Amino acid sequence: MEKPLKAVSFICTLKPGNEESSSQKLAEQLAEEMKVHNVETEFIRAVNYTIIPGVEVDLGPDDDWPALRQKILDADILVIATPTWLGQMSSVALNVIQRLDAELSEKDNEGRPRTFGKVAAAVIVGNEDGAHKITADVFQSLNDVGFTIPAQAATYWNGEAMGRIDYIDLKDTPEAVASTNKLVAANVAHVARLLKDAQYPPVA
């Protein structure tokens with residue numbers, strides 16, 4: 001049997017602690033589908049950690065980012081799960097992505113950013129428009145710092161605009177979301193396994 005792949009899923013809800021979260025719910029559903037493809041997922045609720053705003057690898061003794069960064073480096077797959085606020089990703093998600101800017105200066109022995117060979121996926125929820133824009137912003141940013149974006153690697157749910165129903169309120173998973181979860185899981189695991197077996201060439 002193939003060795004399991006590792007995924008780390010950053011839950012970028014604004015809700016601290018273990019409060020019920022739509023972002024967490026959809027990220028967990030994606031993880032269940034990735035499990036079918038022998039992917040193990042660790043969840044990190046980013047707001048529960050001190051991630052100091054900035055673009056450095058380490059911003060001092062009070063900064064939790066270095067340990068969280070190591071989890072990303074140890075994984076094959078990074079999932080960013082975010083709610084939609086004012087049509088944008090959460091400030092927590094943006095902070096996580098901005099900290100990854102430091103990876104442009106962190107190279108392996110072949111001159112590649114250490115994020116090369118890792119793939120990314122996005123999970124987006126909200127009862128307002130914004131999922132496509134957030135997907136574009138997340139994927140452009142992560143690709144810039146070295147992550148590979150598989151085909152159709154985002155799953156999302158948008159409720160009725162200005163409505164009061166959140167994803168956590170749904171009794172059943174919409175068929176469109178369920179089928180997208182399966183597709184994302186399959187594509188992400190496929191590309192991650194390919195890159196694990198055949199890394200990008202050295203940077204001249």
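The values are calculated or read from the model by the stated rules, or taken from the named source; none is laboratory data. These numbers come from a predicted model, not from an experiment. Note that we place each Cβ from the backbone using ideal geometry, even for glycine, and neighbour counts take in every protein chain shown. Remember, those area values only see protein heavy atoms, side chains included, never the ligands or the DNA or RNA. Shrake-Rupley method; radii C 1.70, N 1.55, O 1.52, S 1.80 Å.
In summary, Ala204 fulfils each of the numbered conditions (1) under 23 Å from Lys35 (Cβ atoms); (2) in contact (Cβ under 8 Å) with a residue 40 or more places away in the chain; (3) open to solvent by 80 Å² or more (accessible area, probe 1.4 Å) with the single exception of condition (1). Under the condition of being assigned to a loop (DSSP other than H, G, I, E, B) and in contact with a helix residue (DSSP H, G or I) (Cβ under 8 Å, 6 or more places away or on another chain), the residues counted in the stretch 142-176 number 10. Here Val138 meets each of (1) touching a helix residue (DSSP H, G or I) at 6+ places or on another chain (Cβ under 8 Å); (2) in a helix (DSSP H, G or I); (3) open to solvent by 20 Å² or more (accessible area, probe 1.4 Å); (4) not polar (S, T, N, Q) with one exception, condition (3).
Restricting Ser179, Ser105 to residues that are open to solvent by 40 Å² or more (accessible area, probe 1.4 Å), under 21 Å from Ala81 (Cβ atoms) and of a type in the set (Ser, Thr, Tyr) narrows the list to Ser179.
Of the residues that make up the stretch 60-69, is at least one at pLDDT 95 or above, crowded, with 22+ Cβ neighbours inside 10 Å and of a type in the set (D, E, K, R)? Looking for residues that are at pLDDT 95 or above, crowded, with 22+ Cβ neighbours inside 10 Å and of a type in the set (D, E, K, R), one finds none in the stretch 60-69, hence no.
Which of the residues spanning the stretch 114-129 are assigned to a strand (DSSP E or B) and either open to solvent by 60 Å² or more (accessible area, probe 1.4 Å) or modelled with pLDDT of 95 or more (or both)? Val119, Ala120, Ala121, Ala122, Val123, Ile124, Val125, listed by residue number.
Quick grid of which residues meet (1) modelled with pLDDT of 95 or more; (2) more than 22 Å from Ala154 (Cα to Cα); (3) open to solvent by 10 Å² or more (accessible area, probe 1.4 Å); (4) of a type in the set (A, V, I, L, M):
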position: Leu26; (1), (2), (3), (4): yes, no, no, yes
position: Thr41; (1), (2), (3), (4): yes, no, yes, no
position: Arg45; (1), (2), (3), (4): yes, no, yes, no
position: Ile51; (1), (2), (3), (4): yes, yes, yes, yes
position: Pro83; (1), (2), (3), (4): yes, no, yes, no
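Which ones in the stretch 177-201 are closer than 15 Å to Lys118 by Cβ and in a helix (DSSP H, G or I)? Please lay out each step first, then the result.
In the first step, residues of the stretch 177-201 are kept if they are closer than 15 Å to Lys118 by Cβ; the result is 187-200.
If the condition is that a residue be closer than 15 Å to Lys118 by Cβ and in a helix (DSSP H, G or I), then Asn187, Val188, Ala189, His190, Val191, Ala192, Arg193, Leu194, Leu195, Lys196, Asp197 are the ones that fit.
Go through the residues of the stretch 34-44 one by one and say whether even a single one is of a type in the set (S, T, N, Q), in contact with an Asp or Glu (Cβ under 8 Å, 6 or more places away or on another chain) and under 18 Å from Val92 (Cβ atoms).
Step one: filter the stretch 34-44 for residues of a type in the set (S, T, N, Q), giving 38, 41.
Narrowing the set further to residues that are in contact with an Asp or Glu (Cβ under 8 Å, 6 or more places away or on another chain) leaves 38.
Okay, now just the ones that are also under 18 Å from Val92 (Cβ atoms), so none.
No, because not a single residue in the stretch 34-44 is of a type in the set (S, T, N, Q), in contact with an Asp or Glu (Cβ under 8 Å, 6 or more places away or on another chain) and under 18 Å from Val92 (Cβ atoms).
Matching residues to (1) in contact with a Phe, Trp or Tyr (Cβ under 6 Å, 6 or more places away or on another chain); (2) touching a residue at least 12 places away in the same chain (Cβ under 8 Å); (3) over 22 Å from Glu2 (Cα atoms); (4) among the small types (Gly, Ala, Ser):
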position: Thr155; (1), (2), (3), (4): no, yes, yes, no
position: Gly159; (1), (2), (3), (4): no, yes, yes, yes
position: Met162; (1), (2), (3), (4): no, yes, yes, no
position: Gln199; (1), (2), (3), (4): no, yes, no, no
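Glu2 falls short on exactly one of the conditions (1) open to solvent by 10 Å² or more (accessible area, probe 1.4 Å); (2) under 23 Å from Pro174 (Cα atoms), and that condition is (2). Go through the residues of the stretch 48-70 one by one and say whether even a single one is closer than 30 Å to Ser179 by Cβ and more than 16 Å from the chain's Cα centre (by Cα). Checked against the condition, which is being closer than 30 Å to Ser179 by Cβ and more than 16 Å from the chain's Cα centre (by Cα), the stretch 48-70 yields no hits at all. Given the criteria at pLDDT 95 or above and more than 30 Å from Val55 (Cβ to Cβ), does Ala136 qualify? It is false that Ala136 is at pLDDT 95 or above and more than 30 Å from Val55 (Cβ to Cβ).
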